[in-house]
Amino acid sequence: MSYVDEEIASQPDCWQQALDLTPKNLPEPGERVAVVGCGTSFYIAQAYAALREHLGLGETDAFAASELPVGRRYDRIVALTRSGTTTEVLHALAGAADTPTVAVTADPATPVSDVARHVVPLEFADEKSVVQTRFATTALVLLRAQLDSAPSDLPEQAARALTAPLPDGALSSTQFTFLGTGWAQGVAQEAALKVREASRSWTEAYAAMEFRHGPISVSGPASTVWFFGRPPIGLHEQIERTGALVSVSDLDPLADLIRAQRLAVGLATARGLDPDQPRNLTRSIVLDHP
């Protein structure tokens with residue numbers, strides 16, 4: 001069994017631990033917040049930002065860490081970084097001047113603790129694999145709980161997702177599109193990244209309603225189109241007419257992401273690839289210059 005298989009399977013327990021935490025120094029209602037990350041952490045930041053704004057808890061922007069605007073005023077900056085060593089994240093936090101900063105990380109004994117004012121450690125969700133799974137989802141469970149927007153049965157839904165069947169025929173598809181609305185758009189982006197990283201598949205992700213406006217042209221009998229959450233009225237049927245396989249689940253979008261993680265590993269295995277050794281990737285990106 002690969003490291004990533006074991007880490008995917010551990011998510012119900014990690015999520016329960018996250019729900020039991022009471023972290024300090026995360027954003028308060030009404031604060032204007034920027035959330036930064038790289039790769040997977042950026043997509044989790046997008047999901048958190050969209051959810052916080054939707055709940056009316058304060059203006060929240062998500063940025064790739066390298067793109068945090070210089071000089072824009074925020075009440076707090078939140079950084080998501082599994083390794084605590086990612087160059088762009090460290091640079092963004094170091095340049096925050098007097099803005100309160102907090103880093104959510106799997107390894108607090110790293111340089112991120114030197115540049116963030118506060119650290120929320122999630123050591124129990126750390127990973128050996130290059131491809132992120134449980135750290136990212138556990139961080140989002142923690143952040144959702146802080147927003148009072150995490151269903152109490154999320155760990156149970158995660159356990160269901162570990163055994164729920166994958167869409168029949170998805171492992172034979174050659175093109176994958178992931179769709180979501182609201183905060184689930186970030187989840188869709190992360191699903192596309194997971195499948196792309198692990199299996200080198202052609203993947204895309206969009207806001208669900210935007211899929212009609214051009215991207216649907218790539219869908220056909222060799223495609224899987226995967227919804228996170230309820231499909232907009234009429235879109236499911238429109239996609240089915242292309243011949244694509246359509247996946248819809250009643251699971252919470254974050255729990256359904258576990259099924260997409262399993263799809264990524266299944267595709268990699270079917271193609272003779274090692275999901276623990278994705279091509280051209282390392283566990284952390286450390287640059288000579290930010």
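Key figures for this structure:
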{"item": "The stretch 150-290: proportion of alpha-carbon pairs further apart than 17 angstrom, %", "result": "60 percent"}
{"item": "For the stretch 88-193, alpha-carbon Rg relative to the globular expectation (2.2 N^0.38 Å, N residues)", "result": "1.31"}
{"item": "Rg and Dmax of the stretch 196-251, Cα atoms only, in Å", "result": "11.2, 32"}
{"item": "Hull volume in cubic angstrom per residue (convex hull over the Cα atoms of the stretch 34-103)", "result": "75 Å³"}
{"item": "Radius 9 Å from Cβ of Leu251, net charge of other residues (Lys, Arg +1; Asp, Glu -1)", "result": "-1"}
{"item": "Efficiency of FRET between Asp114 and His91 - r from beta-carbon atoms, R0 22 angstrom, step 0.05", "result": "0.95"}
{"item": "Residue-by-residue Karplus 3J(HN,Hα) for the stretch 215-226, coefficients 6.51, -1.76, 1.60, Hz, glycine and proline x", "result": "x, 4, 5, 7, 6, x, x, 8, 9, 10, 10, 10"}
{"item": "For the chain, with +1 on Lys and Arg beta carbons and -1 on Asp and Glu, the positive-most of Leu251, Thr203, Gln185 along the dipole", "result": "Thr203"}
{"item": "Kirkwood hydrodynamic radius of the chain, from inverse mean 1/r over distinct Cα pairs, in Å", "result": "19.1 Å"}
{"item": "Rotationally averaged projected area of the stretch 172-218 (alpha carbon convex hull; nm²)", "result": "3.2 nm²"}
{"item": "Computed Rg/Rh of the stretch 17-59, alpha carbon atoms with Kirkwood Rh", "result": "0.99"}
{"item": "Net dipole in debye of the stretch 1-154 [+1 Lys, Arg Cβ; -1 Asp, Glu Cβ; about Cα centre; nearest 20]", "result": "380 debye"}
{"item": "FRET E, pair Lys24, Glu156, Förster distance 25 Å, beta-carbon r, rounded to 0.05", "result": "0.35"}
{"item": "Using alpha carbons only: equivalent-ellipsoid semi-axes of the stretch 1-142, gyration tensor based, whole Å", "result": "24, 17, 13"}
{"item": "Environment charge of Ala116, counting only residues whose C-beta is closer than 15 Å and scoring Lys/Arg +1, Asp/Glu -1", "result": "0"}
{"item": "With all protein chains modelled, accessible area of Cys38 [1.4 Å, Å²]", "result": "40 Å²"}
{"item": "Net lengthening on full extension, Ser66/Gln238 (0.36 nm per residue, minus Cα-Cα)", "result": "58.1 nm"}
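The values are calculated or read from the model by the stated rules, or taken from the named source; none is laboratory data. Given the structure is predicted, the values throughout are model-derived calculations rather than measurements. Neighbour counts are summed over all protein chains in view; Cβ atoms, including those assigned to glycine, are modelled from backbone coordinates with ideal geometry. Surface accessibility is based on the protein's heavy atoms, side chains included, excluding ligands, DNA and RNA. Shrake-Rupley method; radii C 1.70, N 1.55, O 1.52, S 1.80 Å.
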